[in-house]
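Report on the structure given below.
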Amino acid sequence: MVSADQATDGYSAVFFVEGSQVAREMRASEFGAFLDGYVGLSDLAESDVRAVLVELSGDLRVQALVFFRIWFDEEGRADSHWNVPIEELARMGAKGPDMGGGAIRLVCRSQCPDPKFKEDLWDPDMTPGNNHFQAIRKAVEANSLKFRKMEPAQEENIPVLSDQAEDPADRQESAAAADRSRLAQLIREQRLRIKTLQSVHRDALSDLQREHRLEIQGLRSDIADLEQKYERQRLSNEQLKKRLSERNEQYLAMQEQMAAVGEEKQREDSNAGAELLLLREQLERRQRELELRDEKIVALEEENHELRNREPPENSILDHLKRQSVFLVAYQPGAGHVTLPFKDIETYFDNPTAYAAERCGMNEPAYREWLEHYENPVCAHKSEDGKRCGEPILRVSQPAEFRPGVDDRCEKHQG
C-alpha cells in the first residue's frame, strides 16, 4: 500500500493520531514494514488505530492527506487483510484546506473518491482546540522524522513593469481574482467542516442505536431468566402440593387405622390405652407439621405471585435494569473476551483466574502454570542452586495444548 518515503518531488509519512494530537510518526517505508508483518507494536495490541498518510513537497509543505483506519492484533501486528490503496487515493483527493502550500488534496470518510473504501476512513475534527489539521501542521513543522528540506530553485531576475505602469483596471481585476480565490477556499473549508460534523453526528447516532440494541437484548435475556426462575418455582410448588396431598391421604388412613385400633384397644388392658394415647400424640404432631407446611406453601405462593406482578420502585436499580441492560465484558488470556452473565459477576470478581480456568476447561493450578508460561515464555528449569535457566522458548497460546515440564523447557532441559 505504501512505497518509498521520498517521492520524486517530496516525501511521504504516516502519523498515528490519538484524540486531537499526533501520537506517533514514521516514514512511509517504516509503515510498509509493519504492513508486511516484519515488526509489531505491542502498545497497539488489539486496537483500532486512526492514522494519516501525509504527502509533503520537497520544501516540507503538506500536499495531500488521507485519513485512514487500521487494526492491530493481539501481538501488535497490522491486520494482514488490510488493503486500502492510500497513495492512489491521495492522488485522487479533492481540494481541502490550505496548509501553507495552497489547497491540499484531501481524502477522508465524508470526502472519499472511491465509495468502497469509505468505511476504512475517518473524518478529521475541525473544531477550535481540537483541529487535526493544525496538529498535523505542527508535527510537519517540528520535522521529527528529519526530512531534508529542499530549497526551491532561484528564479532569474526578470525585469517587470512597475506598479505605476500597470493598468489600474488590471490591478483591480487581479485583486478581485485573488478575493474570489480566497472566498472559494473558505467555502470549501466550510463545506468540509459541515460534512465532517454530519459524519460525526451519524457515527454518534449509530453508536447510540447499537447500545440501544444491546440494552434490548440484555433486557430480553433478563426477562427470559425471570420466566425460567418462575417456571422452576411453579414446578416446585406443584410438587409440594402433590406431597401435601399424599400426606393428607396418609393422615386420613392413619385416622381410620387409629379409630379401629381404639375400638380394639377398648377391649384390652390399660397398657394398650397408653399406647393409643402415644400414637394420637404422634398423629397430632404430624398433623400440626402438615398444617405448618401447608401455611408455608401458601405464603410462598403469595410471595411468588407478588414478586411476579409487582412493579419495581421508580428510579430503583431494578427499574433501571427493566428499562436497560448493562453488559460486563472481561478479557482473560486463553479464554479471550468473556461476556459475564449477571449471575456470574460476583464469582468472577471473587477469583478471575479460577473463572478463566473453568472457561478453559482446566483446574486453577494448571491454568496458573500455563499463564505463567504465556506471560513469560522462558525455560522454567531450575539448577541445584535454585536459579532458573531463563532461555526464551516458543509460547503455547492455548491452555489446553500446554504440557508442563515439556512446553516450558528449552531443548536442553526437556529430557
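In contact with a His (Cβ under 8 Å, 6 or more places away or on another chain), open to solvent by less than 20 Å² (accessible area, probe 1.4 Å), farther than 30 Å from residue 335 by Cβ and not in a loop (DSSP other than H, G, I, E, B): is that true of residue 54 in this structure?
Judged against the criteria, residue 54 is not a match.
Give the residue that is surrounded by the most Cβ atoms within 10 Å (Cβ to Cβ), with candidates limited to residues of segment 234-254 that are of a type in the set (S, T, N, Q) and within 11 Å of residue 297 (Cα to Cα).
Across segment 234-254, the extreme among qualifying residues is 237.
Could you list, in sequence order, all residues of segment 290-330 that are at pLDDT 80 or above, exposed (fewer than 14 other Cβ atoms within 10 Å of the Cβ), of a type in the set (Val, Ile, Thr) and assigned to a helix (DSSP H, G or I)?
298
So which residues in segment 361-370 are out of contact with any Cys (no Cβ under 8 Å at 6 or more places or on another chain) and open to solvent by less than 30 Å² (accessible area, probe 1.4 Å), if there are any at all?
The one that is out of contact with any Cys (no Cβ under 8 Å at 6 or more places or on another chain) and open to solvent by less than 30 Å² (accessible area, probe 1.4 Å): 370.
Any chance you could count how many residues in segment 336-358 are within 12 Å of residue 400 (Cα to Cα) and either surrounded by fewer than 18 Cβ atoms within 10 Å (Cβ to Cβ) or in contact with a Gly (Cβ under 7 Å, 6 or more places away or on another chain) (or both)?
1
Taking segment 111-155 on its own, how many of its residues are among the small types (Gly, Ala, Ser) and either modelled with pLDDT under 90 or open to solvent by 40 Å² or more (accessible area, probe 1.4 Å) (or both)?
Counting residues in segment 111-155 that are among the small types (Gly, Ala, Ser) and either modelled with pLDDT under 90 or open to solvent by 40 Å² or more (accessible area, probe 1.4 Å) (or both) gives 4.
Here is a yes/no grid of residues against (1) open to solvent by 50 Å² or more (accessible area, probe 1.4 Å); (2) part of a loop (DSSP other than H, G, I, E, B); (3) closer than 22 Å to residue 130 by Cβ; (4) not charged (D, E, K, R):
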site	(1), (2), (3), (4)
12	no, no, no, yes
23	yes, no, yes, yes
33	no, no, no, yes
76	no, yes, no, yes
90	no, no, no, yes
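Go through segment 377-392 and report how many residues are closer than 22 Å to residue 357 by Cα and either among the aliphatic types (A, V, I, L, M) or open to solvent by 60 Å² or more (accessible area, probe 1.4 Å) (or both).
Adding up the residues that qualify gives 2.
Which count do you get for residues in segment 275-289 that are hydrophobic (A, V, I, L, M, F, W, C) and either closer than 10 Å to residue 251 by Cβ or surrounded by 14 or more Cβ atoms within 10 Å (Cβ to Cβ) (or both)?
3
Among the residues of segment 393-415 satisfying the criterion of being acidic (Asp, Glu) and part of a loop (DSSP other than H, G, I, E, B), which is surrounded by the most Cβ atoms within 10 Å (Cβ to Cβ)?
Ranking the candidates gives 408 first.
Of the conditions (1) among the hydroxyl-bearing types (Ser, Thr, Tyr); (2) at pLDDT 90 or above; (3) over 30 Å from residue 150 (Cβ atoms), residue 12 fails just one. Which one is it?
Condition not satisfied by residue 12: (3).
Out of (1) among the hydrophobic types (A, V, I, L, M, F, W, C); (2) open to solvent by 20 Å² or more (accessible area, probe 1.4 Å); (3) in a helix (DSSP H, G or I), what's the single condition that is false for residue 39?
Going through (1) among the hydrophobic types (A, V, I, L, M, F, W, C); (2) open to solvent by 20 Å² or more (accessible area, probe 1.4 Å); (3) in a helix (DSSP H, G or I) one by one, residue 39 breaks only (3).
Quick one: which of 203, 222, 207 is open to solvent by less than 80 Å² (accessible area, probe 1.4 Å), at pLDDT 70 or above, out of contact with any Gly (no Cβ under 6 Å at 6 or more places or on another chain) and under 30 Å from residue 341 (Cα atoms)?
So the residue among 203, 222, 207 that is open to solvent by less than 80 Å² (accessible area, probe 1.4 Å), at pLDDT 70 or above, out of contact with any Gly (no Cβ under 6 Å at 6 or more places or on another chain) and under 30 Å from residue 341 (Cα atoms) is 222.
Kindly indicate whether residue 95 is open to solvent by 30 Å² or more (accessible area, probe 1.4 Å), assigned to a helix (DSSP H, G or I) and modelled with pLDDT under 95.
The answer is no for residue 95.
Looking at segment 355-370, I want the residues that are among the basic types (Lys, Arg) and have a partner that is open to solvent by less than 70 Å² (accessible area, probe 1.4 Å) and outside any helix (DSSP H, G or I) with Cβ atoms under 7 Å, at least 6 apart or on another chain. Which pairs are those?
Listed by first residue and then by second, the contacts come to 359/335; 359/338.
The values are calculated or read from the model by the stated rules, or taken from the named source; none is laboratory data. Just so it is clear, the model here is predicted, and its values are computed rather than measured. Positions of Cβ are backbone-derived with ideal geometry, glycine not excepted, and every protein chain shown enters the neighbour counts. To get the accessible areas, we keep the full protein, side chains included, count just its heavy atoms, and leave off ligands, DNA and RNA. Shrake-Rupley method; radii C 1.70, N 1.55, O 1.52, S 1.80 Å.
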